[in-house]
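The values are calculated or read from the model by the stated rules, or taken from the named source; none is laboratory data. What you are looking at is a predicted structure, and each value in this text was computed from that prediction instead of being measured. Note: ideal-geometry Cβ built from the backbone for every residue, glycine included; neighbour counts use all protein chains shown. Heads up: the accessible areas ignore ligands, DNA and RNA and are worked out on the full protein's heavy atoms, side chains in. Shrake-Rupley method; radii C 1.70, N 1.55, O 1.52, S 1.80 Å.
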Amino acid sequence: MRAVLLSLLLWFAAPAVAMQEVVDVLPSGAHIRFAVPDGWRAGGTLLLYQHGFDMDADTDPDLGPLRDLQLAQGYAIAASGYSQSGWALFNAVQDNRDLVAYVSQHFGAPGELVTMGGSMGGLIALKLAESPGVAPVAGVYALCPPAAGARTWDAAFDLRLAYDAVCEGVGGGELL
């Protein structure tokens, strides 16, 4: 049993990786972060991490829960905090185009893109794979995206009606 636990620990433990990490703000106002491991070159795979729904502006984007493992495997990772808070689908594709252009300017154009994210980030990851003007996306890792179309909106509408009925008079639940 100890051998199994030890092997699992070693499997998930990522070694420390020498890398360059850049944090900046794009002209659109989107905060960005990307990390490039030593040895990554133009033409290498770039992972684009998409965060989930957040009503507050993301001024410190995260590179995702698999960051250390992915960097140890030689992938560059980039993330945008988006230029729009809340339901950021309207600007997220352009924010990611700008992010890829920024990475290309500083480290050279990537080869394959892999998009990933959870919740709203998963939906953005899917949207990037289908959007014109985004470099060819080789893969998508979408966790729990609200991708069921009308059924998702029906559930959101039902939830909002329930909130309005139960929480009448409670401040802070206004839609912008």
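Karplus-based coupling profile of segment 20-29, in residue order and whole Hz: 10, 10, 10, 10, 7, 10, 6, x, 5, x, with θ = phi - 60° in 6.51 cos²θ - 1.76 cosθ + 1.60 and x standing for Gly or Pro.
The residues of segment 32-168 have, on average, 50 Å² of accessible surface per residue, using a 1.4 Å probe with all protein chains present.
Net charge dipole, segment 57-109: roughly 160 debye, given to the nearest 20, about the Cα centre with Cβ charges of +1 for Lys and Arg and -1 for Asp and Glu. Relative protection proxy for 63-73, 157-167, from highest mean packing down: 63-73, 157-167 (other beta-carbon atoms within 10 angstrom). Only Lys, Arg, Asp and Glu carry charge here, each on its Cβ (+1 for the first two, -1 for the last two); on that basis segment 39-173 has a dipole of about 500 debye about its Cα centre. Placing unit charges on the Cβ atoms only, positive for Lys and Arg and negative for Asp and Glu, gives segment 13-119 a dipole magnitude near 300 debye about its Cα centre. Amide H contacts for Met19 (H built 1.01 Å from N in the peptide plane; partners 5 or more residues away or on another chain; cut-off under 5 Å): Asp38. Placing Thr59, Thr45 in order of accessible area, with the largest value first and a 1.4 Å probe, yields Thr59, Thr45. Amide H to amide H, with H built 1.01 Å from N, Gly86 comes under 5 Å of Asp54, Met55, Asp56, counting only residues 5 or more places away or on other chains.
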